[in-house]
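Enquirer: Mind having a look at this structure? Questions to follow.
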Amino acid sequence: FLSEVVQTVQRGIEAGEGEKWSKEKEEEDDDAHFLSEVVQTVQRGIEAGEGEKWSKDKVENTTLEINGLKFAFNKTFSDCLYGVVDAVVEYAEGRHAAPPTPASTSGSHTKATPPFQPQPTRSIKETRTQTLKLIENLQGVFQKLANSADIQLDLVQYIVSCATKYLVFSIGENTIPMVMKKLYDIDIITDEVILDWEQKATSRNDPIEQELLKKPLFQAFLEALKEDDEEEEEEEDED
C-alpha cells in the first residue's frame, strides 16, 4: 500500500515538477489510486484460490474491503465494478497490479509479490478463456456490486469501452458478446438492461457501438433475448 502511494505521488511530481498541483491533477491521481487498490484487492483473492469459485465468506470479505475503499475515496458501486473488471482482465492477461515488494517472512516461509508484468503474457484466446472463467468464479462479488439496473447498465457500457483499452476486447474479437452472455447467464445483468443498452446505443451513433451491434454473434445473442421476452409475455397473457 505504501509503495503504491509513493509511486502515485512521484508520478505526479515528475509530470509537473516545480508546479503547484491543480485540483484536476489531484482528482486524476485519486482515481488512479482507487482503481489500483481495487485491482490489487481482487487479484489477491484470485491468487489465493485460482481456479476455484469464490466461497460466500470470501465474497463477503472482498466486498467489505471494496466497500471500504468506496467510502474512503468517495466513489460509486459502478466505479468499484470498473476496478473489478480491470482486475479480472489484467489477471487473465497474465499481468499483476503492482511492482514487486521486498519479500517478507511468515513463519518458515518466505513470501513476495509475484513479478510485475506490464504487458500481457497470454494469447488472446487464452485471455478470453481465463476472463470468462474468472467472471464465473467472482459471480458473488459482481452480484453484490451490480445491485441495480442503473449500475448494471454502467457495467455493460464499461465492458464495451474496454474495446479501446484491452486487445482481447477489441471489436475484431468476439470477447464482448461472450462476456455479456456470461454476465447474463450467471445473473449479474438482466436481459432488460442489455436490451436497454442496445436501444440507447442504436441512437448514439458511436462507431465502436455500431460496429459491435453488427457482429453476428452479438446479433444472435440479442435476438435470443428478444425471443425469450416475447415468449414470457405470451405466457403472461395466457395466464
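Enquirer: Is one or more of the residues making up the stretch 178-192 modelled with pLDDT under 95, within 24 Å of Asp86 (Cβ to Cβ) and of a type in the set (A, V, I, L, M)?
Expert: No: zero hits.
Enquirer: Is it the case that the stretch 88-105 has a residue that's modelled with pLDDT of 85 or more and either farther than 27 Å from Arg122 by Cβ or open to solvent by 80 Å² or more (accessible area, probe 1.4 Å) (or both)?
Expert: No, the stretch 88-105 contains no residue that is modelled with pLDDT of 85 or more and either farther than 27 Å from Arg122 by Cβ or open to solvent by 80 Å² or more (accessible area, probe 1.4 Å) (or both).
Enquirer: Within the stretch 48-64, does at least one residue satisfy the condition of being at pLDDT below 65, open to solvent by 90 Å² or more (accessible area, probe 1.4 Å) and either among the hydrophobic types (A, V, I, L, M, F, W, C) or on the phi > 0 side of the Ramachandran plot (or both)?
Expert: no
Enquirer: Restricting to the stretch 135-172, count the residues that are of a type in the set (D, E, K, R) and touching a Leu at 6+ places or on another chain (Cβ under 8 Å).
Expert: 1
Enquirer: Let me ask something else about it. Based on what the data block shows, is Asp30 assigned to a helix (DSSP H, G or I), modelled with pLDDT under 90 and in contact with a helix residue (DSSP H, G or I) (Cβ under 8 Å, 6 or more places away or on another chain)?
Expert: yes
Enquirer: Filter the stretch 144-160 for residues that are open to solvent by 60 Å² or more (accessible area, probe 1.4 Å) and within 13 Å of Asp187 (Cβ to Cβ) and give the result.
Expert: Lys144, Asn147
Enquirer: Show the residue pairs that are 6+ apart or on different chains and have beta-carbon atoms under 9 Å apart, the first residue being within the stretch 206-222 and of a type in the set (S, T, N, Q), the second being in a helix (DSSP H, G or I).
Expert: Close Cβ pairs (under 9 Å, with a partner that is in a helix (DSSP H, G or I)) amount to Gln210/Ala201; Gln210/Thr202; Gln210/Arg204; Gln219/Pro177; Gln219/Leu213.
The values are calculated or read from the model by the stated rules, or taken from the named source; none is laboratory data. Just so you know, these numbers come straight off a predicted model, no measurement behind them. Please note: Cβ atoms are built from the backbone with ideal geometry, for glycine as well, and neighbour counts cover all protein chains shown. Each accessible area value is taken on the protein alone, full model and side chains, heavy atoms only, with ligands, DNA and RNA left out. Shrake-Rupley method; radii C 1.70, N 1.55, O 1.52, S 1.80 Å.
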